[in-house]
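The values are calculated or read from the model by the stated rules, or taken from the named source; none is laboratory data. Owing to the predicted nature of the structure, the values given are computational and were not obtained by experimental measurement. Here the Cβ positions follow ideal geometry from the backbone for every residue, glycine too, while neighbour counts run over all protein chains shown. Only protein heavy atoms, including side chains, enter the accessible area calculation; ligands, DNA and RNA are left aside. Shrake-Rupley method; radii C 1.70, N 1.55, O 1.52, S 1.80 Å.
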Amino acid sequence: MKQKDHIQKNMESNDPFIKGMYTDLHNRIQDYQESDSIVEKMKFSDAKGSIVIVGIIAAFLAYVLVS
Amino acid sequence: MGKENSSISKDVAFGFLPAAKNDRVFGMWDLILIQVGIGISCICILTGAYTGLMVNAREGLGAILFGEAFPILLIVPITIYFARYGIDTFIGFRSSFGYLGAKLFYFVFAILTLGYTAVALYMAGEAIVEILSFTSIPAFFTSSATGVPLFAILLFVIAFSVTFRGPLAIKKFNWIGVPAIAILLVGLLILIISGQGMDKILALHPAEPYEKLSRSFMTALELNVGLGFSWLPYLGQYARLVKSEKAAYKATFFSYGILVNIAVVLGALTTLVVGTQNPTEWMLAIAGTWVGLIGLILLTLGNLTAAIFLMYSQVISLKTIFPKSSWLVAMLTTVPAVFLLLSSTFYNAFNSFMTVIAYIMSIAGGIVIADFFFVKKQKISLYDLYNTNGKYKYWHGINPSAITSIIIGTLVYWGLYNPLLDKASGLFEYISAGIPAYFASLITYYISAKYVFAYSVDKEVSKKAAESVQKQVDLI
């Protein structure tokens, strides 16, 4: 037997706070699914700076340990 | 209380719901400032202090910089997940741990937060006792055995009552506490550098090293790796509110991976100069009586604010996972911190506490990264994250692949290092423990989710990815 959808169930809650929150949730998920993503996606090239910095720190660490 | 109740409900809904476009208010610099403000705390100072007990300034700098930046580099990609879907940590982790598993992970986070809260309050209690030792009040109040727990518990009561009132009261406190800790750090740094000079500091020897340098260095590194990985449950709190995934990634890397190191380095240098890891003893030793007393007051305020922030973070996260629980019940989950304030046992075991965190969070980090990037290939159903009878139910709400990873990660970590007894294997001195445990957990999760406990939700993603590749091949 299929269990009842948790979101739909809470949209019918007697607690006005829960009911309002889950109704808002339902609308937001629909908005998200229609627009796919609302933020600019990251590319691998955006991570290059952090990788270089960790590389420099690793080189410094190696220098400290061998000297 | 009406206004406070309404602001709490607003915060609960805000934390629970996926961030809408108009909630995305933070750019990269906004997020850096917020996370550095939160991150620079007594926890960073103490981590640095224990580092300074074991290694000299040059080795300490290497252990601190690498120990923070590398774990953050390993876990920071998960901020892309939180930023893309606008979700908080514990809702996001449902896809990898399962609905019940994410709730259990919250309890691990709560224990971690209780520990942090206790450390902040105990340090504040010590600072008050140090201040009172200049007065002629009865010895009961100035003794470390009775006075420190008493004042730490009194401060807990203050923190509890401020947090109970909700975000409006907390915001007022932040205007005092955050500048207090900032002034304290800058003041200490100036006093140390100008008073001692860098050449003298670089020549100082640690007060309590292990017999072998490699053991001292790796233990110091492990402590810092623990701090680096410990940010994992906090990454979703603000990353979900940024305007771009790039901003979430970069701001988190620079704030938690690089900038909070200022406090850690300061802790290490001060310990080397003063010879003790106890921050309350630094003030008078470095700054003299009057400036030292001001330092102790700032330390008390900074730690009290940190405790309030930590408490609120714990309680609001609980309300996000269990929205139907009452605010008072959620607040009562902070009370166990009092038991850690009754004596100095927990406070003095801070280094063991941090390495236990390294153990837990390195494994959790491996699981969530493997799940989002390698198993789900960044394809998550937002609806099913919230529908707790949905795709991420796995086995009774727990993902068996996460359990398998925890078991293997535990064997790797404890095989290399026992954080409770501080016993290390020979291999620990070459590869440490937290970082290998992260990779063991990541690889185990991938193999398990793909080939052992392969649930339909993971197979669907593989099928979709294969279809997409086939489409591209056909086009060519």
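Show me the trypsin sites (Lys or Arg not before Pro) within the stretch B:147-240 that DSSP assigns to loop and that have at most 11 other Cβ atoms within 10 Å of their Cβ.
When the trypsin sites (Lys or Arg not before Pro) of the stretch B:147-240 are filtered for loop state and at most 11 Cβ neighbours within 10 Å, B:Lys212 remain.
Working from Cα positions, state the angle (0 to 90°, nearest 10) between the long axis of helix B:213-229 and the longest principal axis of chain B.
60
Any idea what the alpha-carbon Rg over 2.2 N^0.38 Å comes to for the stretch A:2-66?
2.18
What is the sum of charges, Lys and Arg at +1 and Asp and Glu at -1, for the other residues whose Cβ falls under 12 Å from the Cβ of B:Ile308? Present the calculation step by step, with values, prior to reporting the outcome.
On the way: positive: B:Arg165, B:Lys171, B:Lys172; negative: none.
Cβ neighbours under 12 Å give a net charge of +3.
With heavy atoms of protein chains only and a 1.4 Å probe, what residues of the stretch B:53-69 have at least 50 Å² less accessible area in the full set of chains than alone?
B:Arg58, B:Phe66
So, with +1 on the Cβ of K and R and -1 on the Cβ of D and E, and no other charges, what is the size of the charge dipole of the stretch A:2-66 about its Cα centre, to the nearest 20 debye?
In debye, rounded to 20, the stretch A:2-66 gives about 260.
When the helix-only estimate is applied to the protein assembly as shown (DSSP H runs of n ≥ 4, each -39,500 (n - 2.57), divided by the residue count), what is the mean residue ellipticity at 222 nm, nearest 500 deg cm²/dmol?
-23000 deg cm²/dmol
On alpha carbon coordinates alone, what is the Rg over Rh value for the protein assembly as shown, Rh being the Kirkwood radius?
Using only Cα positions, Rg/Rh for the protein assembly as shown is 0.98.
For helix B:28-39, report the angle its Cα long axis makes with the longest principal axis of the Cα atoms of chain B; keep it between 0 and 90° and round to the nearest 10°.
Helix B:28-39 and the main axis of chain B meet at about 50 degrees.
Mind listing, in residue-number order, the residues in the stretch A:28-49 that have at least 50 Å² less accessible area with every protein chain present than in their own chain alone (1.4 Å probe)?
At a threshold of 50 Å² (probe 1.4 Å), the residues of the stretch A:28-49 that become less exposed are A:Arg28, A:Ile29, A:Tyr32, A:Ile38, A:Val39, A:Glu40, A:Met42, A:Asp46.
Provide a whole-number value for the mean count of partner chain Cβ atoms within 10 Å of the Cβ atoms in peptide B:380-387.
On the way: counts 0, 2, 6, 8, 3, 1, 9, 10.
Counting Cβ atoms of other protein chains within 10 Å of each residue's Cβ and averaging gives 5.
Could you give the alpha-carbon Rg of the stretch B:311-360 over 2.2 N^0.38 Å, rounded to two decimals?
That works out to 1.42 for the stretch B:311-360.
Determine the per residue accessible area of the protein assembly as shown with all protein chains present and a 1.4 angstrom probe, expressed in square angstrom.
With all protein chains present, the protein assembly as shown gives 42 Å² per residue.
Please report the relative contact order for the stretch B:272-415, taking Cα pairs under 8 Å with a sequence separation of at least 6, and give it as a percent rounded to a whole number.
11
Dividing the convex hull volume of the alpha carbon atoms of the stretch B:107-244 by its residue count, what do you get in Å³ per residue?
226
As I understand it, the value is the acute angle between the Cα axis of helix B:147-164 and the longest principal axis of the Cα atoms of chain B; what does it come to in degrees, rounded to 10?
Taking Cα atoms only, the helix is inclined about 40 degrees.
Taking the Cβ of B:Pro206 as the centre, find all other residues whose Cβ is under 14 Å away and add up their charges (Lys, Arg: +1; Asp, Glu: -1).
0
With no solvent and one equal point scatterer per Cα, compute the Debye intensity ratio I(q)/I(0) for chain B at 0.07, 0.11, 0.14 Å⁻¹ and report its log10, rounded to two decimals.
Reported log10 I(q)/I(0), two decimals: -0.37, -0.90, -1.41.
Can you pull out the buried accessible area for chains A and B, both sides counted, probe 1.4 Å, rounded to the nearest 100 Å²?
Adding both sides of the contact gives about 3700 Å².
Kindly provide log₁₀ I(q)/I(0) values, in the same order as q = 0.17, 0.19, 0.22 Å⁻¹, from the Debye equation applied to equal alpha-carbon scatterers of the stretch B:6-124.
The Debye formula, applied to the Cα set alone, gives -1.21, -1.37, -1.45.
Could you please tell me the mean projected area of the C-alpha convex hull for the stretch B:388-441, averaged over all directions and given in square nanometres to one decimal?
Working: hull surface 18.4 nm².
For the Cα atoms of the stretch B:388-441, the hull's average projected area reads 4.6 nm².
Share of the protein assembly as shown's accessible area from carbon and sulfur, percent, 1.4 Å?
The computed percentage sits at 67.
Put B:Leu121, B:Leu421 in order of accessible area, largest first, 1.4 Å probe: what do you get? Working shown, then result.
On the way: B:Leu121 0, B:Leu421 115 Å².
Correct descending sequence by accessible area is B:Leu421, B:Leu121.
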